[in-house]
1. Take the residues in the range 195-231 that are modelled with pLDDT under 80 and crowded, with 19+ Cβ neighbours inside 10 Å; name whichever of them is nearest to Leu350 (Cα to Cα).
2. Go through the range 233-260 residue by residue and tally those that are modelled with pLDDT of 80 or more and either more than 16 Å from Thr283 (Cβ to Cβ) or not assigned by TED's automatic domain parsing to the domain that holds Leu208 (or both).
3. Out of the residues in the range 300-327 meeting the condition of being at pLDDT 75 or above and part of a loop (DSSP other than H, G, I, E, B), tell me which one is farthest from Gln157 (Cα to Cα).
4. With respect to Ile191, determine if the residue is surrounded by 11 or more Cβ atoms within 10 Å (Cβ to Cβ) and at pLDDT 80 or above.
5. It is to be established whether one or more residues within the range 66-76 are farther than 24 Å from Val142 by Cα and surrounded by fewer than 18 Cβ atoms within 10 Å (Cβ to Cβ).
6. Identify the single condition in (1) of a type outside the set (S, T, N, Q); (2) closer than 19 Å to Thr348 by Cβ; (3) in a strand (DSSP E or B); (4) touching a helix residue (DSSP H, G or I) at 6+ places or on another chain (Cβ under 6 Å) that Ile296 does not satisfy, given that it satisfies every other one.
7. Need the failing condition index for Arg330 against (1) modelled with pLDDT of 85 or more; (2) not in a loop (DSSP other than H, G, I, E, B), just the number.
Amino acid sequence: MVKKRSGGKLKNGIIQQAVFWIALFVFGIFRNYGELEQPDFREILYYDICHWIFQIIGANWIYSVLIRKFFEAKKYFLFTVYFVGGIYFLGVLNRLFIVYLAEPLFADYPQDPVCDIFTDVNYLLFYYILPIISGSFIFISVKFMLRYRDEKQNALQLQKEKSELELKALKAQLNPHFLFNTLNNIYSLSITGSGAVPQSISRLSDILDYLLYHGQKERGSIAEEMKIIKDYIALEMLRYDERLDIEMVEKIEFPGLIPPLLYLSFVENAFKHSAEKTSGTVTISISVRTDENNAIFTVDNPLFENDQNNDTGIGLENIRRQLNLYYPNRHSLEIKQTDNRFSVGLITPLT
């Protein structure tokens, strides 16, 4: 599914570029043809093709490299330096291309010395650099309009997918079976006079509050998500008692945000496909750590012979779509299934 979407996106990008640059090329030919008193259409066509090639190169370089990697990352000094140096270099290449490669094919003009080509900045500016900048400006303006349209559509789709995920998560984590067992265990503790009753009720209340209120937010802190996961595990341990072994590693050295219910959905899936499938001891490993750039989350659980389709568990396919909308081309989701273990590894950016 992801490959098909990536292929379709690439195809649409190529089509959009082709339509834009062909339209700009045709417009340039008619403009130049109308400005000359005795135009030579053949010569105009050749010159426009030469300029057109470097407009395409320059516009894509400015947008894809300078704007996306430097300007949007607020590296303005590097953006300015690379822009000035790069646009001058493209202007020189464009003139060298025309003088030494293109003109000999259709005209008999004297060739300018290479030194003059590099040093005649005024001529480069008005006849080579400005055409590249003007074409790039129009191209980048169109790209930003298309990005705004796509981001708006993605935002609407994201809200729709988020609502579906929250609904499925509520059904998965707070299904009647889970609530019944939790409340029944708390009731049993109350009969025996256990001191764990108030804490168990508090944990159940925290989970309900998080799912019903905090789950509506677009982002939530990783620390907050892990607290709810611990509450969820504590309640499940009331249900499974000594046969549940939880190995948890938590190293949140850098704070970060994630979509609410993201980690909790993976943990619930681990319980559903391990502890619920056997009466024996079950070991579930959960790890979350952050560095300066990413949050790394893993969960590992046993896989039993009668449950080999763990990869299609409730919510996993929905989570994949969510990740593609929240972190397009900026996340890594790895799902591994062996003979007796199932593991999920997720890497997402902190911002």
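The values are calculated or read from the model by the stated rules, or taken from the named source; none is laboratory data. The shown structure was predicted, so the numbers you read here are calculated from the model rather than taken from an experiment. Neighbour counts run over all protein chains shown; Cβ positions are idealised from the backbone, glycine included.
1. Filtering first and then ranking leaves Gly215.
2. The total comes to 13.
3. First, pick out the residues of the range 300-327 that are at pLDDT 75 or above: 300-303, 319-327.
Filter once more, so that each one left must be part of a loop (DSSP other than H, G, I, E, B): 303, 327.
Numbers: Leu303: 34, Tyr327: 14 Å.
Step by step, filter the range 300-327, then rank; the result is Leu303.
4. On the way: surrounded by 11 or more Cβ atoms within 10 Å (Cβ to Cβ): no; at pLDDT 80 or above: yes.
No; evaluated as a whole, the condition is false for this residue.
5. First pass over the range 66-76, keeping only residues farther than 24 Å from Val142 by Cα: none.
So far as the range 66-76 goes, no, none of its residues is farther than 24 Å from Val142 by Cα and surrounded by fewer than 18 Cβ atoms within 10 Å (Cβ to Cβ).
6. Condition not satisfied by Ile296: (4).
7. (2)
Yes/no matrix, rows are residues, columns are (1) aliphatic (A, V, I, L, M); (2) over 24 Å from Val288 (Cα atoms):
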residue	(1), (2)
Ile201	yes, yes
Leu204	yes, no
Arg219	no, no
Lys227	no, no
Asp231	no, no
Glu236	no, no
Glu253	no, no
